[in-house]
Amino acid sequence: MDLSLTEEQQLIVDMVRRFVREEVAPLEDDLDTDEDRLPPEQFAKLVEKTKEMGLYGLGIPPEYGGPEVDVMTNTLIAIEYSQHRAGLYAPCYGAFGGAGLSQLYEATDEQKEKYLYPTLRGEKKTFFGLSEPSGGSDPARAIQTRAERDGDDWVINGSKLWISGADRADYGLLFARTGGPGRAGVTCFIVETQWPGFNVRRVVHTLRQALHATEIQIENLRVPNENILGQEGGGFAIANDRLTRQRIPYAAACLGPAFKAHEMAIEYAQIRETFGAPLSSRQGIQWMLVENEVDLRTARWLVLDAAAKADRGDAFRTEAAICKLVASEAAGRVIDRSMQIHGGLGVAKDLPFERWYREIRIRRIGEGPSEVQKHVIARDILGAGLR
Ligand SMILES: Cc1cc2nc3c(=O)[nH]c(=O)nc-3n(C[C@H](O)[C@H](O)[C@H](O)COP(=O)(O)OP(=O)(O)OC[C@H]3O[C@@H](n4cnc5c(N)ncnc54)[C@H](O)[C@@H]3O)c2cc1C
């Protein structure tokens, strides 16, 4: 299996690396250490550059105006564009443009006009509302938010928990139960955040200061029938498909800060002296660096393998679960060791480690926790009969 980069991919990787190091990272010297947005003029300048690179709209299918980039190249870019302080949850502060909610590419023409296109133009922000207080690992069983048909509308009641960015969003996808228990009873609705009955009850503060998670209270929210995305009862398939696809770029972006942390640890170990010799001469430090290297190479290989399968059109559900599991856990270890090598500086806000350290912890839970990835992999090994 050959996962080496083509000449074109190497050029793109080098270009994005230069962009992050020369254009994005220096801006962070003047920002709050937890910032996830740039002042508009700086943001506009970065967007100009990503457009010049031909990479604006990454993740948007070419027929909707995005660049012709396969999953593998996209994955390589995600490893690069996250290599700065805010990179894990705000890679390049959004300068590569948002692909929006990928499910909307399957929407009706009217839904695309109203929701998808304004999002692609950067005019509307979105949320993805699946998890509830009753549980996020097994949403097919846990969803209690209920939608009842009333004439041409649906009336929705319930609550959602952990929904990222709903406090800033214009609309989003809300998964609610329209039928009996289990997968077939879940329907996906497009709902607007200013509609009466949609209330962001509170921001839930987590280890991640940027991009808030929220709790949403839904009281008699009236949604027209034409705002069902896909089919009534087809909501779980929509959610599941999105979660599987999302796992490869999600895993790749975990590796960005980890690669950068490792690079910084190597440099620091060579210049920092204790007891009359550089840290890099000590086996205790060397082994930490070696473990970083092994973790990173293993995870990168698995992420690229999953991307290659997706590009070939092969089934990649298990590979996506494996790479999400391995990359999120490996990145946490690498950042932790790199922090340790930096001593006190490792925990100071002068350097990006402390932000990465907090935010990378969420990656073992978000987009399906490690245990859920193992459940997916076990199902593949043992057969679909597993509950
Ligand atoms: C910062 C943040 C942002 C988020 N953003 C969003 C968002 O935008 N939209 C959205 O819909 N959700 C979002 N989530 C929710 C996230 O997807 C859920 O937290 C996650 O799916 C886990 O659900 P839970 O928290 O209810 O844990 P539970 O489902 O209650 O699980 C608790 C623990 O048990 C483990 N577990 C579960 N089942 C098994 C099993 N069979 N065997 C062994 N262990 C098991 C889980 O891995 C977990 O560690 C976000 C979460 C966080 C923390």
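The values are calculated or read from the model by the stated rules, or taken from the named source; none is laboratory data. Bear in mind the structure is a predicted one, so any value in this text is a computation, not a measurement. Quick reminder, even Gly has a Cβ in these numbers, built from the backbone with ideal geometry, and neighbours come from all protein chains shown. Only protein heavy atoms, including side chains, enter the accessible area calculation; ligands, DNA and RNA are left aside. Shrake-Rupley method; radii C 1.70, N 1.55, O 1.52, S 1.80 Å.
Miscellaneous remarks
- Whichever residue in the stretch 355-371 is assigned to a helix (DSSP H, G or I), open to solvent by 20 Å² or more (accessible area, probe 1.4 Å) and touching a helix residue (DSSP H, G or I) at 6+ places or on another chain (Cβ under 8 Å) and, among such residues, is nearest to the ligand (Cβ to nearest atom): R361
- Yes/no for G230 being touching a residue at least 12 places away in the same chain (Cβ under 8 Å) and touching a Phe, Trp or Tyr at 6+ places or on another chain (Cβ under 9 Å): no
- Listed by position, the strands (runs of 3 or more DSSP E) contained in the stretch 102-173 that have at least 1 residues being away from the ligand (no atom under 16 Å from the Cβ) are 146-150, 153-164.
- Among the residues of the stretch 131-140, those identified as at pLDDT 95 or above, surrounded by 15 or more Cβ atoms within 10 Å (Cβ to Cβ) and not acidic (D, E) are S131, S134.
- Helices (runs of 4 or more DSSP H) within the stretch 1-95 that include 1 or more residues among the hydroxyl-bearing types (S, T, Y) and crowded, with 17+ Cβ neighbours inside 10 Å: 40-52, 71-81
- Condition broken by D350, with the remaining ones in (1) part of a loop (DSSP other than H, G, I, E, B); (2) within 12 Å of the ligand (Cβ to nearest atom) satisfied: (2)
- Criterion: in contact with a strand residue (DSSP E or B) (Cβ under 7 Å, 6 or more places away or on another chain), at pLDDT 95 or above and more than 24 Å from R364 (Cβ to Cβ) - qualifying residue of E148, E215: E148
- For L345, the criteria (1) of a type in the set (A, V, I, L, M, F, W, C); (2) in a loop (DSSP other than H, G, I, E, B); (3) surrounded by fewer than 16 Cβ atoms within 10 Å (Cβ to Cβ) hold in every case but one, which is (2).
- Inter-residue pairs, beta-carbon under 9 Å, first outside the structural domain of R208 (by TED's automatic domain parsing) and at positive phi and in the stretch 30-50, second exposed (fewer than 15 other Cβ atoms within 10 Å of the Cβ) and not polar (S, T, N, Q), 6+ apart: none
- Residue that is nearest to A213 (Cα to Cα) [pool: residues in the stretch 150-168 that are surrounded by fewer than 20 Cβ atoms within 10 Å (Cβ to Cβ) and touching a residue at least 60 places away in the same chain (Cβ under 8 Å)]: N157
For (1) charged (D, E, K, R); (2) assigned by TED's automatic domain parsing to the domain that holds V326, each residue gets a yes or a no:
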position: L211; (1), (2): no, no
position: R247; (1), (2): yes, yes
position: F259; (1), (2): no, yes
position: Y268; (1), (2): no, yes
position: I271; (1), (2): no, yes
position: G276; (1), (2): no, yes
position: W287; (1), (2): no, yes
position: E291; (1), (2): yes, yes
position: D295; (1), (2): yes, yes
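- Of the residues examined, R177 is one that is in contact with a helix residue (DSSP H, G or I) (Cβ under 9 Å, 6 or more places away or on another chain) and among the basic types (K, R).
- Test set (1) over 25 Å from E106 (Cβ atoms); (2) in a strand (DSSP E or B); (3) open to solvent by less than 10 Å² (accessible area, probe 1.4 Å) - I190 fails condition number: (1)
- Within the stretch 270-308, considering residues that are touching a residue at least 60 places away in the same chain (Cβ under 8 Å) and touching a Ser or Thr at 6+ places or on another chain (Cβ under 7 Å), the one surrounded by the most Cβ atoms within 10 Å (Cβ to Cβ): V303
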